[in-house]
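Heads up: the structure comes next, in structure tokens.
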Amino acid sequence: MTVAVFTLDDLQRILIGVAGADEGIDLDGESADTLFTDLGYDSLALLETAAVVSREYGATLDDEAVTAVTTPRDFVRLVNDSA
């Protein structure tokens, strides 16, 4: 099964849905390399995001790998590498 390519826009949409984050954050800009903690996201938000990603994209994400990523760009890479 081929998993659709996961993008920063997909991540932003899901983060907003699960964490109720500020919609003003643009992950396509410099924020893509900003630490999740600096963007206001904790490990729980990332784990909830990973659960949604698993359901929507069929990606299998290890909890330890999810909590080890530190930036949105790294999270996107993790999802796409899991395909």
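No value in this document is a laboratory result; all are computed from the given coordinates. As the structure is a prediction and not an experimental result, all values here were calculated from the model. Here the Cβ is made from the backbone with ideal geometry for all residues, glycine too, and neighbour counts use every protein chain on show.
Table for the structure above
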read-out	value
The chain: DSSP helices with Cα axial extent of at least 18 Å and average Kyte-Doolittle hydropathy no lower than 0.0	43-57
Mean separation of Cα contacts under 8 Å (6+ apart) over length of the chain, as relative contact order %	39 percent
Chain lengthening between T60 and E30 when straightened (0.36 nm per residue, less Cα-Cα)	8.1 nm
Net charge of Cβ neighbours under 13 Å - reference A51; Lys, Arg +1; Asp, Glu -1	-3
Diffusion constant of the chain at 10 °C, which comes from Stokes-Einstein with the Kirkwood Cα-pair radius and 1.306 mPa s, µm²/s	127 µm²/s
